[in-house]
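Have a look at the structure below before the remarks.
Just so it is clear, none of the values below were taken in a lab; they were calculated from the coordinates. Keep in mind the model is a prediction, meaning the values are calculated, not measured. So basically every Cβ, Gly included, is an ideal-geometry build from the backbone, and we count neighbours across all protein chains shown.
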Amino acid sequence: MTICVLGEAIADLVPTEQGLYDPKVGGSPFNFARCLARLGAPVRYVSPISSDALGARMLDEMRLQAIAFDPANRSPLPTSLALVAYDNGQPRYSLYREGIADTDFTVAGVLAQVPAETRIFHTGSLMLVPDVIDRVASLLEQLRARGIVISLDINLRPGVVRDQQEYRRKILALLPLADVIKASDEDLALLGLDISDIKPVIERYFAGSLLIFTRGDEGATACVGGQQFRVPAYPVSRVQDTIGAGDTFYGAFIARMYAVTKSRLDWADESLLRGALQLGCAAAAINVTRAGCQPPSMAEIEALINGRCHL
């Protein structure tokens with residue numbers, strides 16, 4: 001059994017105090033895969049990795065974290081870049097994604113990499129832009145037919161495409177193909193949805209799925225079958241960096257659900273959901289005390305949950 005991940009591996013160019021830029025491995029799905037592996041979940045990354053020097057750093061990170069990857073799945077196209085700037089402590093990204101490696105894939109090529117024993121297939125973020133999403137939709141339709149649980153992290157990037165209306169329309173059309181969907185309050189607002197009352201939004205767009213709804217320091221809520229289960233965030237006295245916090249939260253959530261569930265029906269169990277949400281909130285809290293995305297270990301998460309450490 002394994003979890004397959006399709007999505008961008010990006011070099012985040014993070015500003016230093018000296019006015020220079022420090023390249024760090026990143027990209028929402030790549031960070032998600034790193035968190036899964038850090039917590040002991042079997043994970044395979046199925047997007048192409050560039051054959052350039054930054055791609056070599058991505059490969060080194062996957063080897064370090066024991067993320068499975070086909071060494072033949074390399075692309076001559078360059079690694080995507082994200083220039084990071086901070087606005088009131090929140091990271092904002094200028095993305096450089098023309099002719100890059102992680103979109104250099106075919107549906108047939110990805111399907112050939114997905115093992116028969118795959119339980120969960122995850123994608124989202126920049127795989128949802130208009131010039132890629134049709135391939136992703138075809139892929140998800142075929143994977144669902146195999147009985148694989150589809151996980152989707154909306155993770156919208158404002159300004160990444162010119163036609164925002166088409167961007168939103170295509171994402172909304174893709175939602176019925178997912179079993180589990182993670183979205184932040186900012187994601188839903190960017191989709192043009194009114195989140196002042198989340199119930200009608202759930203009924204219209206997420207009725208057939210499990211929605212994991214995150215609201216930063218207000219915690220996270222699981223919405224399924226007309227019920228909502230909320231878990232508060234862990235207090236953090238000093239935030240170092242919020243890069244990858246959502247990816248780390250969701251990686252920890254999926255790692256726990258993967259470990260404790262046997263079938264799709266278990267994903268509606270309140271006790272299991274609350275435990276997974278708590279694990280995700282603890283992982284995200286630890287991550288924001290560090291520079292860049294650095295997912296914690298299970299021992300670190302359990303120490304926070306059990307009150308043996310404070311942030």
Springs between alpha-carbon pairs under 10 angstrom, Gaussian network model over the chain: which of E61, E141, E117 fluctuates most? E117
Could you check what % of the DSSP bridge pairs in the chain are antiparallel, to the nearest 5? 45 percent
Dividing the helical contributions, -39500 (n - 2.57) per DSSP H run of n ≥ 4, by the residues of the chain yields a 222 nm value, nearest 500 deg cm²/dmol, of -11000 deg cm²/dmol
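So which trypsin sites (Lys or Arg not before Pro) in region 142-232 pass both tests, a DSSP loop state and at most 11 other Cβ atoms within 10 Å of the Cβ? Don't jump to the answer; show the numbers that get you there.
Numbers: sites: R144, R146, R162, R168, R169, K170, K182, R204, R215, R230; in loops: R146, R162, R215.
Within region 142-232, the qualifying trypsin sites (Lys or Arg not before Pro) (loop, at most 11 other Cβ atoms within 10 Å) are R146, R162.
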Considering Cα pairs under 8 angstrom that are at least six residues apart, work out the relative contact order of the chain and quote it in whole percent. 16 percent
Mind checking which of A56, A137, A72 has the largest fluctuation in a GNM of the chain, springs on alpha carbons under 10 Å? A72
Within the set of other residues whose C-beta is less than 10 Å from the C-beta of V14, count the net charge using Lys and Arg as +1 and Asp and Glu as -1. -2
If each K or R counts +1 and each D or E counts -1, the residues other than P91 whose Cβ falls under 14 Å of its Cβ total -2
At 1.002 mPa s and 20 °C, Stokes diffusion of the chain via Kirkwood alpha-carbon radius, µm² per second: 110 µm²/s
Amide H of L210 versus every other amide H placed in the peptide plane: which residues, excluding those fewer than 5 positions away on the same chain, fall under 5 Å? V180, I181
If one builds a Gaussian network model of the chain from Cα atoms under 10 Å apart, the most fluctuating residue listed among D134, D197, D60 is D197
Integer Hz, Karplus 6.51/-1.76/1.60 couplings in order for region 103-115, x for Gly and Pro: 9, 8, 9, 10, 4, 4, x, 5, 4, 5, 8, 7, x
